[in-house]
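Each reported figure results from applying straightforward, stated rules to the coordinates on display, with no laboratory input. All of these numbers come straight from a predicted model, not from anything done at the bench. Note that we place each Cβ from the backbone using ideal geometry, even for glycine, and neighbour counts take in every protein chain shown.
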Amino acid sequence: MRKTTRSLLAGLIATAFIAAPAFGQQKLKIGFISTFSGPQGVIGEDMKNSVELALDHLKRKVGGLDTEVIYGDDQVKPDVGKQVAEEMLKKHQVNFVAGIIWSNVMLAVAPTVTGAGTFMIGTNAGPNQLAGADCNEMFFTTSWQNDQTPEAMGKYMQDKGIQDVYLMAPNYAAGKDMLTGFKRYFKGRIVDEVYTRLGQTDYQAEISQLRSKNPKAVFVFYPGGMGIQFLKQYSEAGLRGLFPLYSVYTVDELSIPAVKHAALGQLETRYWSQDLKNPANEKFVGDYRKKYGGKTPSYYGAQSYDGIMLIDSAVRAVKGNLADKKGMIAAMRKADFASTRGKFKYGQNHFPIENFYLLKTVAGPTPTADPVMEIQETVFKDHKDAYGTACKMKW
Amino acid sequence: MNFVLIAEQTLNGLQLGVMLFLLAAGLTLVFGIMNLVNLAHGALYMVGAYLTTFFYQQTGSYALAVALGLAGTLVVGVVTELVALRTLYDRDHLDQVLATFGLILFFNELIVILWGRAAIYSTIPEVLAGHVELAGGFRYPIYRLMIIVIGLAVALLLWFVVTRTRLGMLIRAGASNRAMVAALGVNIRLLYTVVFGFGAALAGLAGLLAGPIYSVQPGMGELILIQVFVVIVIGGIGSIRGALAGALIVGMVDTLGRAFLKPALATVLSPTAADTAGPAIASMLIYLLMAVVLAFRPAGLFPSAR
Amino acid sequence: MKPRTYILVVLLALLAAVPPLAAWLNQPFYLDLMRRVMIFAIAAASLNLILGYGGMVSFGHAAYLGLGAYAVGVLSHHGIDNGWLQWALAIAASALVALAIGSVSVRTSGIYFIMITLAFTQMLYYLGISIEEYGGDDGLRLKVRSQFSGLIDLNDPTAFYYLVLALLALTLLLVHRLVNSRFGLALQAARSNEARTRAIGLAPYPYRLAAFTIAGAICGLAGALLVNHTAYLTPEFMNWTRSGELMFMVILGGIATASGPLLGAAAFLLLEDLLQGWSVLPKWMTEHWQLYLGVILVLVVLYAKRGLAGLLPGKNE
């Protein structure tokens, strides 16, 4: 019995070595890293769906080459993300690494990928370090710089002359960044700035505090499950009618099904919306709904879709010659593809210069449908991020 | 700082404490009687939330959904006990922690397979969804008041069962001397299954109450589980009285800490220092509390007499 | 040599053969993978000392991984790249914190010990998130690896690999000697029958505290190695779920065995890697790999108590 177990183990290890693919054909390999396990896996699912849709639209040939996408799960941990990236680089020898939701994972993975001379196409995380001093010619993002979204909300509220705003966010790096970005453009009176415990489930105490301060408006950042909890409790405490609630990254197509009418009236700022009118977006949203049982994609998906299209434009420009990295960099800088957000330009730091809109959560098309988010107005036209000046790249 | 706010926060702390008590009671009961550390208690909480939400969507009747949800969690709990946990009674705590940790992974993925990764929509029935105007002009959600009432009722019920009924007597006897009780002709295995089922039902009740105000998602048990463990350690393992005391203390300390620590610190430190220190300390407060309690009372505040 | 020791030597020799093998197969990824396995094996070995031999179920052991990593990271952040200094601080800081936490925790036992160690590690985790200077939860990047004044270049993957292997062998040797010394025997006696140990005049507390401190120090070294390996650190290193993973490695490998930590770390990390990425496995398996991992872990605890090391020939302890 023991002998068989030992030889089984040995055989297993040996097969793992042999099964490692080491083909050298002219195939395009893209490594896509996201979170596929745990409660945040719902975001990874949306991104993967969008990547697959993009591949369908390109008939499985990105830039004219047969494409294989290898998915990796970072489990929301930077060191796991780094290991996954290294596996993609060394074992699968991918030509591009794309994806990544979380800033801290991106900060660990991006240098690894660019350091190995491979392209890193970010499709969500936008840490300020990579937009500023640590910018890199092999790094492009199809999303935004983290601060831009709250900056837009700050500007909107400033322009509207709203005073006495109550701020809330979880006590971690992104939470602090969001409120910093907001305050960069909002110069009115701030009643209080409250940081809650990361992962907190019960906000009743904070809601009571909020009410006692009697602000004119409330601005929050509560991503993921925290957003669902906060929204429900805010609504159930009867605060919806009393204090208008503004937010960023708190309500999106992924969380609306869980809160439904508790999200009605919610105002957010974003660079994209499912109802943005351009041919690429209409095709993306329409086909996504058709392929995935009527679900609406989120901005995570739109960014991932754009990521594949960006790679497609680059490979096409060099006519499939993947060794011509300079050529691909030049091509990507042109942002010459049909993006779901419409036409945009890249800044010096390879972050998009794009519009930001005010979105409102309104009732869906039928009484039983979930609420949807729709654009109300444009807040920023061709908005640059605040860190680009620290980037030393010139082109 | 006004009286109304303090009163409101006290009520909040009470409600959080009661919610923690419902979870802690089941956990401490199982630990005290069967000497079983059950990390998967959080999974039963999750099952209660999911089943009740599901049945409410299917039948439209909240009362029916609650009944089915509780019954369903009871069944899942009993089946788990029979299949996976029986062998663990005689094992040491390490084995129990690890095996039940594995069960958590299993249950979470099972829920994902059945209902997907995203949080599902769970709501309070209309009749309970409003607020009451309490003295001083502040509104308090009816639903949360209901949780307080239910929690205290359960505490009373548990006290009654454990001290005044035959079952309670068997439970207490089994806790102090298992072999003797078996020798006296009591079916100790059946007793354990009953107790475990009871604990599962309590977890399920906590879950179905929490579902509408928190989010019903895979892994929701783990988010609250650590707090529950802190409660039973502070209160003293195996003691229902300890669970109640610990839960109320933790609920109060956590709530009041989150609400008043920063302003309190701002009176002695600079505003920016209070801004950083306040939230940082508030998140660690219940752990600090536990460490302090254990430093002076290594067995908790009300350890069950053994 | 006892058959167990012989097998351990063989395992270490196999590990030594990985770099040339990986180079020959043109798969440098496996060098990184096995190096990560070895670093966690060092951490698992330190946990095995207190958990396996000492019977102290510490749910907070990941804290020292984090402390060691932060010691290196923080010094590097302030411009101090000297490896000797960084690693010495990693070990010293971890030992000190372990002594502090241990002095309070080791007084308790059973579930209380589990909970209090968990509480302390959570406190450190939240502390790490709050300190913005060192990145908070964004973490810190290690721009320059620990410098050892020309003695060894950690940027050379193979050299780094062999350093880790040497440190692993040293750790296993140290733990082995400790466990078989008078100190270790007293520790194990306290684990199996505390009343009797007291009766013969040995107070368990100082032995346990000493073991706890030593384990913390070794784990701090593992943390310093880990941050050099990943070139990045975050407070996640200290999360309680990490502690759980370390515990699983120890159990999977077989508690209170010499080769257990290595086998456990290898099995856990390789299993995790395989279950997710092996293209041969069906999709439903890789997508819900945590389900199967959970089942495997439960089965191991219930029926394969001796772990992988128990499958090896030789005397079971």
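Odds and ends about this structure:
- Taking every residue in A:193-200 and counting other chain Cβ atoms within 10 Å of its Cβ, the average works out to 6.
- Relative to the dominant Cα principal axis of chain A, helix A:173-185 is inclined by about 50°.
- Considering only C:L275, C:P28, C:L209, the residue lying farthest towards the positive end of the dipole of chain C is C:L209, judged by Cα position with unit charges set on Cβ.
- DSSP-defined antiparallel bridges as percent of all bridges, the protein assembly as shown, nearest 5: 40 percent
- Radius of gyration and maximum dimension Dmax of segment C:3-311, Cα, Å: 19.2, 61
- Cα centroid of segment A:248-323 to Cα centroid of segment C:62-117, whole Å: 44 Å
- Projecting the Cα positions of C:F113, C:V74, A:Y185 onto the charge dipole of the protein assembly as shown (unit charges on Cβ atoms of Lys, Arg, Asp and Glu, taken about the Cα centre) puts C:F113 furthest along the positive direction.
- Over the C-alpha trace of segment B:1-68, radius of gyration and Dmax come out as 16.7, 47 angstrom.
- Helix screen, chain C: DSSP H segments with Cα axial length of 27 Å or more and mean Kyte-Doolittle hydropathy at least 0.5 are C:29-48, C:83-105, C:110-130, C:157-179, C:204-230.
- Electrostatic dipole magnitude of segment A:218-280 [Cβ: Lys, Arg +1; Asp, Glu -1; Cα centre; debye, to 20]: 80 debye
- Alpha-carbon geometry of segment C:8-50: the Rg and the Dmax are 12.1, 40 Å, given in that order.
- Debye log10 I(q)/I(0) at q = 0.08, 0.09, 0.12 Å⁻¹ for chain A, Cα point scatterers: -0.43, -0.54, -0.93
- Summarising the label geometry, the points placed 7 Å from Cα in the beta-carbon direction at C:A195 and A:A363 lie 7.3 nm from one another.
- Extended-chain gain in nm, criterion 0.36 nm per residue less alpha-carbon gap, C:A23 and C:F183: 53.3 nm
- Within the same chain, lysines fewer than 8 places from A:K216 are excluded, and of the rest, those with a Cα less than 21 Å from its Cα are A:K155, A:K160, A:K183, A:K187, A:K232, A:K360.
- Tensor-based shape of segment A:244-395 (alpha-carbon gyration tensor, a/c under 1.5 rounded, otherwise prolate or oblate): oblate
- C-alpha long axis of helix A:2-18 to longest principal axis of chain A, angle in °: 90 degrees
- The label-point distance for A:Q26 and A:N278, in a model that sets each label 7 Å from Cα toward Cβ, rounds to 3.2 nm.
- Highest-MSF residue in chain A out of A:R270, A:R211, A:R60 [GNM, Cα springs under 10 Å]: A:R211
- Histogram of C-alpha separations across the protein assembly as shown, 20 Å bin width, %: 13, 45, 36, 7, 0
- Karplus-derived HN-Hα couplings along segment A:363-378 (A = 6.51, B = -1.76, C = 1.60, θ = phi - 60°), whole Hz, x at Gly and Pro: 5, x, x, 10, x, 8, 6, 5, x, 10, 9, 10, 6, 9, 7, 8
- Subset of A:K48/A:K345; A:K345/A:K392; A:K61/A:K283; A:K59/A:K91 violating a 20 Å alpha-carbon distance limit: A:K48/A:K345; A:K59/A:K91
- Taking the Cα centre of chain C as reference, the dipole from Cβ charges on Lys and Arg (+1) and Asp and Glu (-1) amounts to some 1300 debye.
- Nearest-ten-degree value, helix B:240-268 long axis tilted from longest Cα axis of chain B: 20 degrees
- Note on chain C: GNM, Cα springs under 10 Å; of C:A266, C:A90, C:A41, the largest mean-square fluctuation is that of C:A266.
- Shielding score for C:21-29, defined as the mean number of other chain Cβ atoms within 10 Å: 3
- Per-pair calculated FRET efficiency, R0 = 22 Å: A:K343 and A:Q376 via Cβ, rounded to 0.05: 0.55
- Taken residue by residue and averaged, Cβ atoms of other chains lying within 10 Å of the Cβ of B:99-107 number 6.
- Taking the convex hull of the alpha carbon positions in segment B:3-218 and averaging its projected area over all directions gives 13.6 nm².
- Here's how it looks for A:G31: its modeled amide H is under 5 Å from those of A:I70, A:N95, A:F96, A:V97, A:A98, which are all 5 or more places away or on a different chain.
- Taken about its Cα centre, segment B:3-218 carries a charge dipole of roughly 440 debye when the Cβ of each Lys and Arg holds +1 and the Cβ of each Asp and Glu holds -1.
- Highest mobility in the GNM of chain C, judged by mean-square fluctuation with C-alpha springs under 10 Å and restricted to C:L185, C:L47, C:L293, is found for C:L293.
- Gain in span if fully extended, C:Y6 to C:I80, counting 0.36 nm per residue against the direct Cα distance: 22.5 nm
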